[in-house]
Amino acid sequence: MTDEHGPEFARVVVDAMREIGAVHPGYRGVHAKGTLCAADFTATPQAGALSQAAHFRGPAVRAHVRFSNGAGDPEAPDYEPREGRGMAVKFYPPDQPTTDIVAITLPVFFVRDPAAFLEFVQARVADPETGEVDVSKIGAFLGAHPEAMAAATHVMTAEPPESYLSVAYNSLHAFGFADGDGTLRFGRYRFEPDGGERTISAEAAEARGAHYLREDLATRLEQGPARFTLWVQLAGEDDPVDDPTVAWPDTRERVEMGTLEITGLAFDREQDGDVLVFDPTRVIDGIELSDDAILHFRSHAYAESVKRRSGVDRA
């Protein structure tokens, strides 16, 4: 990968993203409102056959899960329908570095390269005179980038989730999974709730209150663990593994990787200056990055965002 969209370009993008809404010191630029949970991940035998990564082989491993809303405002209401919800997972395999999965409720992403992402962000900056987003700019962007229509349509038609625990989350990016014999297969992650997927109307969500997703999460976990199944959808021979705007056919082979059991709210991270970062490029032996330009750029953008909110390098 080239350095054309490295740290300098990331600073430009983060500046543009901060123009979309007010700056909230100490918070993430996007997905600012989140709730951290404790979890355990138990892999299946199929996971170990696909990848030699430590958390896909052997006994259960400890994990953190952060559920979030897409906005950069930590007080944004949970009932906003046109927002992707996030689920980020950090695994702690014994005697190994940590590794992360970052997933979102969107099935695909808006753009396939960082330059187009900057255009997308700039199109969403409100007019300083009216305080409103210029819909003609959004229209012009979609006209120039028809690949963004699939993600945009999902955002415009999605209903709010009943719970963070009742929606599926997609990694968007493809990763290479290497077994012990040198076989490499590319696939995309997907977390599916064991209790099934359920949404509610925008009116019902608003009636539940501005923080209903956070409150529901605490209430449900007090009653017992919640579980997600982690799947990997494997790429077919002609499926692009470097383009997050393209959905692969549902007929592609899926591998059940394991069960993520969320046991309760967590308060052992992001306390007393602790900086917790979920980065999809943080992979370990047995997992490789694809040539997806957006995937590689995310690490630069996260590093810049972390430095601005905490004053330290990526942790």
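The values are calculated or read from the model by the stated rules, or taken from the named source; none is laboratory data. All figures in this text were calculated on a predicted structure; none of them were measured in a lab. Because the Cβ atoms are built from the backbone with ideal geometry, glycine has one as well, and the counts that use them run over all protein chains shown. These accessible areas exclude ligands, DNA and RNA; they are computed on the full protein's heavy atoms, side chains included. Shrake-Rupley method; radii C 1.70, N 1.55, O 1.52, S 1.80 Å.
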Once Lys and Arg get +1 and Asp and Glu get -1 on their Cβ, which of V133, H300, A76 lies farthest toward the positive end of the dipole of the chain? A76
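Averaged per residue, what accessible surface does region 44-132 expose to a 1.4 Å probe, in Å²?
Numbers: 3580 Å² over 89 residues.
Per residue, region 44-132 has 40 Å² of solvent-accessible surface.
Would you mind estimating how fast region 86-214 diffuses translationally, via Stokes-Einstein at 20 °C and 1.002 mPa s with the Kirkwood radius over Cα pairs, in µm²/s?
121 µm²/s
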Principal axes first, then extents: for the Cα atoms of region 225-315, list largest minus smallest coordinate on each axis, whole Å, largest first. 47, 36, 25
So which residue, out of Q52, Q233, Q223, gets the largest mean-square fluctuation from a GNM of the chain using Cα contacts under 10 Å as springs? Q223
Projected onto the charge dipole of the chain (unit charges on the beta-carbon of Lys, Arg, Asp and Glu, signs +1, +1, -1, -1), the Cα from T263, T199, H64 with the largest positive-side position is that of T263
Dividing the alpha-carbon Rg of the chain by 2.2 N^0.38 Å yields what? 0.97
Check I200: other-chain or 5+ apart residues with amide H under 5 Å from its amide H, H built from backbone geometry? E162
Amide H contacts under 5 Å for T99, restricted to residues at least 5 apart in sequence or on another chain and with H modeled in the peptide plane, are F91
Would you mind classifying region 13-102 by shape? Square roots of the alpha carbon gyration tensor eigenvalues, ordered a ≥ b ≥ c; an a/c under 1.5 is rounded, otherwise it is prolate if a/b is larger than b/c and oblate if not. prolate
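Give, to the nearest whole percent, the P(r) tail of region 73-159 beyond 15 angstrom, counting all Cα pairs.
70 percent
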Kindly write out, for region 161-172 in residue order, the coupling ³J(HN,Hα) from the Karplus curve 6.51 cos²θ - 1.76 cosθ + 1.60 (θ = phi - 60°), rounded to whole Hz, with x marking Gly and Pro. x, 5, 7, 4, 8, 10, 9, 9, 10, 10, 6, 6
Just the number, please: carbon plus sulfur as a percent of the accessible area of region 27-159, 1.4 Å probe, no ligands or DNA/RNA counted. 57 percent
For region 18-164, using Cα atoms only, the Rg and Dmax in Å read 18.5, 59
Quick one: the Cα spread of region 58-102 along its three principal axes, in angstroms, biggest first? 40, 16, 13
Candidates D239, D113, D134: whichever shows maximal mean-square fluctuation once the chain is modelled as a Gaussian network with Cα springs under 10 Å: D134
Using alpha-carbon positions, what is the distance between the centroids of region 55-92 and region 185-261, in Å? 10 Å
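Based on DSSP loop calls and a cut-off of at most 15 other Cβ atoms within 10 Å, the longest stretch of the chain free of exposed GluC sites (Glu not before Pro) is what? If you can, show how the numbers build up before the last one.
Working: sites that count: E4, E75, E129, E132, E197, E237, E253, E270.
Longest site-free region, per DSSP loop and neighbour criteria: 5-74.
Quick one: ranking S299, S51 by accessible area, 1.4 Å probe, largest first, what do you get?
On the way: S299 25, S51 0 Å².
My answer, sorted largest first, is S299, S51.
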For region 83-89, what does the Karplus curve 6.51 cos²θ - 1.76 cosθ + 1.60, with θ = phi - 60°, yield as ³J(HN,Hα) per residue in whole Hz, taken in order and with x for Gly and Pro? 9, x, 8, x, 9, 10, 10
Need one number: nm distance between label points at R227 and L142, each 7 Å from Cα along Cα→Cβ, rounded to one decimal. 4.1 nm
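Determine the calculated [θ] at 222 nm for the chain from helices alone, applying -39500 (n - 2.57) to every DSSP H run no shorter than 4 residues and normalising by the residue count; nearest 500 deg cm²/dmol.
Working: 8 runs with 85 residues, N = 315.
That calculation yields -8000 deg cm²/dmol at 222 nm.
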With a cut-off of 16 Å, note down the residues of region 222-254 whose backbone N falls inside the zone around a label point 7 Å from the Cα of E4 toward its beta carbon. 243
Taking H as built 1.01 Å from N, whose amide H comes closer than 5 Å to the amide H of D73, not counting residues under 5 places away? A32
